[in-house]
Amino acid sequence: SISFNESGALVAAVDGGNKLQVFFYPGVVWVDPDLLGESSVEQDTPHLASKQPKILSFADNLVTIREHSGSNLTSSFSRYPPLLHDLIKARKWEDAIRLCRFVDQRFLWAILAGKALDRCHLDSAEIGLASLQSVAKLNYILYIKDLPNEKARVAELALFKRDIKSAEAVLLQCNPPMLYRAIKI
């Protein structure tokens, strides 16, 4: 069973076994699929060993699940991911970074890094990836930040998101077109 949070930014899933998984930023799969696992938590729920558990509601940080027997089980998770989503939506990047530093949980850093990459806020992406100790990605973001041309940065970020066609289109639409860089892609 799968359910979206009332805010629409979170997804909860429960399988036939005894696992409840909450994805705090499922859209990160379009930005960096490697961060999907980092931006979720999995809870063991031994009481859910029924055949057909069903999520009844998913509001705030509470998930209510109905077991096959008809009984309800409520499970909670961190209240910080919805708050982080709200801060980023309001473009309060410094407050979002402060929240991540205060709580210091990997899933918050993954949400911050993914949202920052999605919104081309490279400074926040750098901090998030550094906190996740993702050295290769961090080095690539630093490389992108050092590029002198804005269009080249946009194209390289599209490449990071594995969107080759967009990267190529950006480079070819430059005036003059960046043919060498587009061919290199």
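The values are calculated or read from the model by the stated rules, or taken from the named source; none is laboratory data. Only a predicted model underlies this, so the values are computations on that prediction, with no experimental measurement involved. For neighbour counting, all protein chains shown are included, and Cβ atoms are generated from backbone atoms with ideal geometry for every residue, glycine included. Heavy atoms of the whole protein, side chains included, go into the accessibility calculation; ligands, DNA and RNA do not. Shrake-Rupley method; radii C 1.70, N 1.55, O 1.52, S 1.80 Å.
Observations on the model:
- Test: residue in the stretch 97-107 that is over 26 Å from P81 (Cα atoms) and loosely packed, with under 13 Cβ neighbours inside 10 Å: no
- Of the helices (runs of 4 or more DSSP H) lying entirely inside the stretch 124-185, the ones with 1 or more residues being touching a helix residue (DSSP H, G or I) at 6+ places or on another chain (Cβ under 8 Å) and at pLDDT 95 or above are found at 135-146.
- Within the stretch 59-70, considering residues that are in contact (Cβ under 8 Å) with a residue 12 or more places away in the chain and in contact with a strand residue (DSSP E or B) (Cβ under 8 Å, 6 or more places away or on another chain), the one surrounded by the fewest Cβ atoms within 10 Å (Cβ to Cβ): L62
- Checked against the criterion of being open to solvent by 20 Å² or more (accessible area, probe 1.4 Å) and under 21 Å from the mean Cα position of the chain (by Cα), the candidates L83, L73 yield just one match: L83.
- Test: residue in the stretch 111-128 that is open to solvent by 40 Å² or more (accessible area, probe 1.4 Å), hydroxyl-bearing (S, T, Y) and free of Cβ contacts under 8 Å to residues at least 40 places away in the same chain: no
Conditions tested, residue by residue: (1) β-branched (V, I, T); (2) modelled with pLDDT of 90 or more.
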position: I2; (1), (2): yes, no
position: L10; (1), (2): no, yes
position: G16; (1), (2): no, no
position: L20; (1), (2): no, no
position: F23; (1), (2): no, yes
position: W30; (1), (2): no, yes
position: P33; (1), (2): no, yes
position: S39; (1), (2): no, yes
position: D44; (1), (2): no, no
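- Conditions (1) among the basic types (K, R); (2) crowded, with 18+ Cβ neighbours inside 10 Å; (3) within 18 Å of I185 (Cβ to Cβ); number of the one not met by R162: (2)
- For K89, the conditions (1) within 16 Å of the chain's Cα centre (by Cα); (2) among the charged types (D, E, K, R); (3) more than 24 Å from A13 (Cβ to Cβ) all hold with the exception of (3).
- Residue satisfying all of: in the stretch 130-149; surrounded by 16 or more Cβ atoms within 10 Å (Cβ to Cβ) and among the hydrophobic types (A, V, I, L, M, F, W, C); farthest from L35 (Cα to Cα) among these: I144
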